[in-house]
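Visitor: The following block contains the structure, expressed as structure tokens.
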Amino acid sequence: MRYFIANWKAEKNLEQCLGWMDEFSRIYHPESFTDLEVVICPPLPYLLTIKNRYQARLPRVKFGAQDISRFDRGKYTGETTAAMLEKIADYVIIGHSERRRWLGETDDQILKKSQQAHRYGIKTVVCLSSIHQAVPPETDLLAYEPVDAIASGNNYPVQTVIDFRSQIRLAPTTAFLYGGSVNSANIQTYLSTAQIDGLLIGTASLQGCEFMACLPKK
Ligand code: PGA
């Protein structure tokens, strides 16, 4: 199984999200692809609307949140808990370097978020930019995302990504992804090795046709 995760970050309004989904619904024919999991992670306020509108048209596409609360429930103004996302988000991105940097997220908070997600049946995509960051137990997908590769056009060489993988302890069930300036022109280098199970794609996922061009045809 190969994973292709579209991370739209805080880049789109509702109209733009729906326009992307309309275009993607027209051009994506899952029967042309084998053994791949496409996960779309829109801004959270639009997740349910998008899922409700497009799930029937895109039955094999999964949807994800870009973050989740570390709290279960209670007096935590503004938080979106795993219980709220249960049955809405199939996946959740946890510990993205932008959240670690701009919102001060710590390994301990990331561990709690991961526990919450699993408690409510949501698969986790944990982002790591350094081998010194902790990998929560039972991580479903681990994404290596070097900070200077993200949205910079400087994607890391495939061998550097493989070397990173060899330095971390991965459970046999954890898939290993790379993210950082992946696009349709360079994605093939990552797909050519069995040691990379998928890609987390930011900038190149913002245009439906460019994201589509990243998916390997059979
Ligand atoms: P990028 O973002 O593809 O724009 O580098 C990847 C990410 O931050 O998930």
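The values are calculated or read from the model by the stated rules, or taken from the named source; none is laboratory data. Being a predicted model, the structure only gives us computed values, none of them experimental. All Cβ positions, even for glycine, are placed from backbone atoms using ideal geometry, and neighbour counts span all protein chains on display.
Visitor: Would you confirm, using the coordinates I've provided, whether residue 95 is touching a residue at least 24 places away in the same chain (Cβ under 8 Å) and either within 16 Å of the ligand (Cβ to nearest atom) or not acidic (Asp, Glu) (or both)?
Guide: Considered against the rule, which asks whether it is touching a residue at least 24 places away in the same chain (Cβ under 8 Å) and either within 16 Å of the ligand (Cβ to nearest atom) or not acidic (Asp, Glu) (or both), residue 95 comes out as yes.
Visitor: Turning to a different aspect of this structure: Name, by its number, the condition in (1) touching a Ser or Thr at 6+ places or on another chain (Cβ under 7 Å); (2) in a helix (DSSP H, G or I) that does not hold for residue 6.
Guide: All conditions pass for residue 6, except number (2).
Visitor: Tally the residues that are acidic (Asp, Glu), surrounded by fewer than 13 Cβ atoms within 10 Å (Cβ to Cβ) and at pLDDT 95 or above, restricting the search to the stretch 1-34.
Guide: Of the residues in that region, 1 qualify.
Visitor: Looking only at residues that are in a helix (DSSP H, G or I) and polar (S, T, N, Q) in the stretch 188-209, which one is nearest to the ligand (Cβ to nearest atom)?
Guide: Across the stretch 188-209, the extreme among qualifying residues is 203.
Visitor: I need the full set of residues from the stretch 164-187 which are part of a helix (DSSP H, G or I) and surrounded by 13 or more Cβ atoms within 10 Å (Cβ to Cβ), in order please.
Guide: 164, 165, 187
Visitor: Quickly run through the stretch 22-47 and pick out the residues that are in contact (Cβ under 8 Å) with a residue 40 or more places away in the chain and assigned to a helix (DSSP H, G or I).
Guide: Within the stretch 22-47, 23, 24, 27, 32, 47 meet the criteria.
Visitor: On to the next question. Testing residue 103 on (1) within 15 Å of the ligand (Cβ to nearest atom); (2) within 18 Å of residue 202 (Cα to Cα); (3) among the aliphatic types (A, V, I, L, M), one condition comes back false. Which one is that?
Guide: Unmet condition: (2).
Visitor: Can you confirm whether the stretch 150-159 contains a residue that is within 15 Å of the ligand (Cβ to nearest atom), assigned to a loop (DSSP other than H, G, I, E, B) and either touching a His at 6+ places or on another chain (Cβ under 8 Å) or at pLDDT below 95 (or both)?
Guide: no
Visitor: Sort out which residues of the stretch 192-211 are crowded, with 19+ Cβ neighbours inside 10 Å and among the aliphatic types (A, V, I, L, M), and write them in order of number.
Guide: Residues satisfying the conditions are 196, 199, 200, 201, 204.
Visitor: Based on what the data block shows, is residue 138 of a type in the set (Asp, Glu) and near the ligand (Cβ under 10 Å from one of its atoms)?
Guide: It is false that residue 138 is of a type in the set (Asp, Glu) and near the ligand (Cβ under 10 Å from one of its atoms).
Visitor: Take the residues in the stretch 118-131 that are more than 15 Å from the ligand (Cβ to nearest atom) and touching an Asp or Glu at 6+ places or on another chain (Cβ under 9 Å); name whichever of them is nearest to residue 4 (Cα to Cα).
Guide: 123
Visitor: Working carefully through the options 50, 40, 27, 68, find the one that is over 23 Å from residue 133 (Cβ atoms) and touching a Lys or Arg at 6+ places or on another chain (Cβ under 9 Å).
Guide: 40
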